[in-house]
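In what follows, a single structure is set out as structure tokens and then discussed.
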Amino acid sequence: MKKGFVLFLALFPLLFNACLDSGDEDTLDLKGPIIGSVDDMQTIMPSYFLEVGTKVFSIPLAFQVEDETGISEITIESHSGFDGHTHGRKANSNNFVLFGYSHTIRQQDLEDPRLFQSEVADDLRIYLDDRNVLIPNNGLILAGPYHFSIKATDTEGNETSYADNSTYHTTLYIHREYAPLIHVDAIDRTTGTVEGSVRRNSDHEFSSDITFLWAYISRPDFGNPAQEGEIRKEWVWGESNWPHQFRGDTGEGLANPQNIDLAGLLAGEEAVRQMGDTETLTIWAEDANGNISVRSF
């Protein structure tokens, strides 16, 4: 009996600590902040795959971040998506600069440490001109796709993640008048022909010849709206200024670098005949200055 009592005393601290550990696990915060739309809006701004018009120079930010234990910081960032996710190439023209944006909101900036809200009417905006400290005076932004993200960390060190889409991320398509002009009149599923054109805007002094064309048919991923979908068929012509990790960078030469007849390139294509109702045709056009225009139809 005495031996059993001594054994109980020896094990008691372990049992006591196990009980404490179990209780700690129940109260331990392992969840990152939640990023979502503000109450009176249906979507975060900028929305998925926002197309920024040729004469638009600011983008409103509208979103909220909440966390029960408290928000440590919120980081809003945008950078070039011209080459997929390698980000290793720079602009090759002295007249143009890559757009970029970076802004961090810290806990001391928050009125409520557990909730941050930004609405369209607020001053928090992304500027695409010299009001953006990353863009020099009179700098011309390279048109094209730019990756955008909102991520957050709480006071316990928990972070949002790209893996589970708790970090908000999408692509912004910035259009500019000096970039290639893409126009599609019709997608004829009977003949497998795309009628339209891609041309240089010769009326603009900063335009340049078209050097690369990428066309692809994709089907959407309805389960993951942050993704652009699966490419089912693709074609490339010319040579890209931005080597891309997800496609070829060279193809058959472009006969006319200033005015391209799409029907001369995409005619009698079986993949066009088989296009489903939810599938889209995307045209990606690059010019000699490094500008990219992307349009989906």
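What follows draws every value from the coordinates through simple rules; no lab data is involved. Note that the structure is a prediction, hence the values are computed from the model and not measured. When we count neighbours, we look across all protein chains shown, and the Cβ atoms used for this are built from the backbone with ideal geometry, even at glycine.
Normalising by the residue count of segment 166-211, find the relative contact order in percent from Cα pairs under 8 Å and 6+ residues apart. Mind showing how you got there, number by number?
Values: 53 pairs, mean separation 16.0, N = 46.
Across segment 166-211, relative contact order equals 35 percent.
Any idea what angle helix 2-27 forms with the longest principal axis of the chain, computed on alpha-carbon atoms, 0 to 90 degrees, nearest 10?
30 degrees
Need the C-alpha centroid separation for segment 103-124 versus segment 138-212, integer Å.
28 Å
Suppose only helical runs count, i.e. DSSP H with n ≥ 4. What mean residue ellipticity at 222 nm does that imply for the chain under -39500 (n - 2.57) per run, divided by all residues and rounded to the nearest 500 deg cm²/dmol?
-3500 deg cm²/dmol
What is the order of I283, I76, fewest Cβ neighbours within 10 Å to most?
Values: I283 23, I76 20.
Least to most surrounded, the residues fall as I76, I283.
Quick check on the exposure proxy: order S47, S102, S80 from fewest to most C-beta atoms within 10 angstrom.
Ascending number of Cβ neighbours within 10 Å: S102, S47, S80.
Quickly rank 205-215, 151-161 as a protection proxy: mean count of other C-beta atoms within 10 Å, highest first.
Answer by packing, highest mean first, reads 205-215, 151-161.
Can you order the peptides 218-231, 56-69, 184-197 by their average number of other Cβ atoms within 10 Å per residue, highest first?
56-69, 184-197, 218-231
Whole-Hz Karplus ³J(HN,Hα) for segment 140-149, in order, using 6.51 cos²θ - 1.76 cosθ + 1.60 and θ = phi - 60°, x for Gly and Pro?
Using θ = phi - 60°, the values come out as 9, 6, 5, 5, x, x, 10, 6, 10, 8 Hz.
Mind giving me the FRET efficiency for N138 and E252? R0 is 41 Å, r the Cβ-Cβ distance, nearest 0.05 is fine. Walk me through the numbers on the way to the answer.
Details: r = 38 Å, r/R0 = 0.92.
Here the calculated transfer efficiency is 0.60.
In whole angstrom, and with the biggest value first, how far do the Cα coordinates of segment 34-174 range along each principal axis?
Computed over segment 34-174, the largest-to-smallest principal extents equal 48, 32, 28 Å.
Over the Cα atoms of segment 181-296, compute the convex hull volume and normalise it per residue, giving Å³. Spell out each step's value before the answer.
Working: hull volume 12.4 nm³, N = 116.
Considering the Cα atoms of segment 181-296, their hull volume per residue is 107 Å³.
So for each of 237-250, 265-278 I average, over its residues, the number of other beta carbons within 10 Å; can you give me the resulting order with the highest mean first?
237-250, 265-278
Averaging the inverse of every distinct alpha carbon separation and then flipping it gives the Kirkwood radius. What is it for the chain, in angstrom units?
Every distinct Cα pair counted, the radius reaches 22.2 Å.
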